[in-house]
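Novice: A single structure is presented below for examination.
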Amino acid sequence: MAKANRRREFKDLRKIIARYRVTDGKGFRLKQVSPADTHELDAEDKPQSRELLARGVSMLAELQDKLYAQDRRSLLVVFQAMDAAGKDGTVKHVMSGVNPAGVQVHSFKAPSPEELDHDYLWRCVRALPERGRIGIFNRSYYEEVLIVRVHREILAAQRLPADCVGKDIFKQRMRDIASFEDYLRRNGTRVLKFFLHVSKDEQKKRFLERIEQPEKNWKFAAGDAKERVHWDEYMAADEDAIRATASEENPWYVVPADNKWFTRLVVVGAIVRALEAMNLAYPEIDAIKRKELQEARQMLLGDPAPGASR
């Protein structure tokens with residue numbers, strides 16, 4: 001009964017997350033989603049939302065256990081966002097109940113010399129989740145059409161042949177990424193993409209907190225503030241990437257990120273929705289395995305307790 005009630009309540013969350021799901025990028029614009037939006041919830045709803053988040057985390061743990069046991073499919077969760085949008089905190093809270101053995105998290109920083117000697121997808125392919133696992137990319141191959149587009153000197157460092165660096169290189173890369181995600185889906189890996197949409201004012205507020213609170217100093221780098229001058233360029237690049245790669249099979253969720261509690265609620269709901277669509281179940285055992293289990297049970301029941309006389 002408790003599980004049934006929990007699932008009924010989660011239907012309301014599905015209505016909320018549908019608002020931020022992008023499956024056809026042709027008509028999409030970032031301005032359609034306000035970073036401060038919380039649907040019809042407000043500050044007074046936060047306790048209820050925390051409870052719903054806890055239930056979502058519990059449902060996610062149950063589904064992940066089945067995914068791990070079934071060992072046939074995998075889920076790749078991609079997070080893209082401006083700095084201080086809350087990627088790390090979202091991963092921490094949403095994945096708090098899962099079995100660590102079934103989750104793989106990768107954060108992609110500046111490419112190493114070895115990575116620069118390969119195509120830009122190479123390092124991400126190496127980090128893809130195994131069957132039965134949830135893989136989380138904290139930033140991803142999308143950086144190749146975002147930061148590389150804003151900072152062309154990064155493209156020069158990739159040492160590509162001149163005939164591979166034309167004026168349409170980023171359009172070509174977005175087509176390649178869309179095809180790559182289709183390839184993953186056809187081979188059993190579902191791709192779920194989140195853009196945590198934080199406002200420039202909220203980012204400034206969080207940066208100042210990182211500076212003013214000693215326990216958060218380690219999170220701040222001077223370069224973070226300098227990148228703010230490129231805000232409009234990043235927004236244009238993010239919008240183009242979402243428009244070019246959103247599909248019914250590989251959707252984007254453009255999630256308002258000015259309110260962390262709401263961001264986490266939408267993310268957990270979307271992940272649960274994706275896992276439920278996989279029709280996961282624990283593997284069924286055959287007659288031979290069932291017989292082995294019964295024999296083992298009888299053996300254990302007939303085994304004397306430690307210290308008992310034989």
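Novice: May I ask you to list the residues in region 77-123 that are over 14 Å from the mean Cα position of the chain (by Cα), of a type outside the set (Phe, Trp, Tyr) and part of a helix (DSSP H, G or I)?
Specialist: Hits for region 77-123 are Pro100, Ala101, Gly102, Pro113, Glu114, Glu115, Leu116, Arg123.
Novice: If you go through region 155-209, how many residues are of a type outside the set (Asp, Glu) and not in a helix (DSSP H, G or I)?
Specialist: Selection size over region 155-209: 20.
Novice: Here's something else I'd like to know. Sort through Lys193, Lys204 and tell me the only one that's more than 17 Å from the chain's Cα centre (by Cα) and basic (Lys, Arg).
Specialist: Going through Lys193, Lys204 in turn, the sole match is Lys204.
Novice: Then there's this: Suppose the filter is in a helix (DSSP H, G or I), surrounded by 11 or more Cβ atoms within 10 Å (Cβ to Cβ) and touching a helix residue (DSSP H, G or I) at 6+ places or on another chain (Cβ under 6 Å); does Ala274 pass it?
Specialist: no
Novice: Is it true that Glu233 is touching a residue at least 24 places away in the same chain (Cβ under 8 Å), surrounded by fewer than 17 Cβ atoms within 10 Å (Cβ to Cβ), out of contact with any strand residue (DSSP E or B) (no Cβ under 8 Å at 6 or more places or on another chain) and assigned to a helix (DSSP H, G or I)?
Specialist: Here the answer is yes, as Glu233 does meet what is asked.
Novice: Taking Arg149, is it more than 26 Å from Ile17 (Cα to Cα), touching a residue at least 60 places away in the same chain (Cβ under 8 Å) and either among the aromatic types (Phe, Trp, Tyr) or surrounded by 19 or more Cβ atoms within 10 Å (Cβ to Cβ) (or both)?
Specialist: yes
Novice: How do the pairs read when you match residues in region 209-223 that are closer than 23 Å to Lys109 by Cα with residues anywhere that are among the hydrophobic types (A, V, I, L, M, F, W, C) and not in a helix (DSSP H, G or I), using Cβ under 7 Å and keeping only pairs 6 or more apart or on different chains?
Specialist: Qualifying pairs under 7 Å: Arg210/Phe220; Ile211/Phe220.
Novice: Also, I was wondering about something else. Of these, Arg152, Arg186, Arg190, which one is within 29 Å of Ser247 (Cα to Cα) and in contact with a helix residue (DSSP H, G or I) (Cβ under 8 Å, 6 or more places away or on another chain)?
Specialist: On inspection, the qualifying residue turns out to be Arg190.
Novice: Out of the residues in region 189-208 that are in contact (Cβ under 8 Å) with a residue 40 or more places away in the chain and hydrophobic (A, V, I, L, M, F, W, C), which is farthest from Gly135 (Cα to Cα)?
Specialist: Out of the qualifying residues, it is Phe207.
Novice: Any residue in region 42-57 that is outside any helix (DSSP H, G or I), of a type outside the set (Asp, Glu) and surrounded by 15 or more Cβ atoms within 10 Å (Cβ to Cβ)?
Specialist: Within region 42-57 (the criterion being outside any helix (DSSP H, G or I), of a type outside the set (Asp, Glu) and surrounded by 15 or more Cβ atoms within 10 Å (Cβ to Cβ)), the answer is no, since none of the residues qualifies.
FYI, it's all coordinate maths here, none of it is from the lab. Here the structure is a predicted model, which means the values were calculated and not measured. Cβ atoms come from the backbone with ideal geometry, glycine included; neighbour counts cover every protein chain shown.
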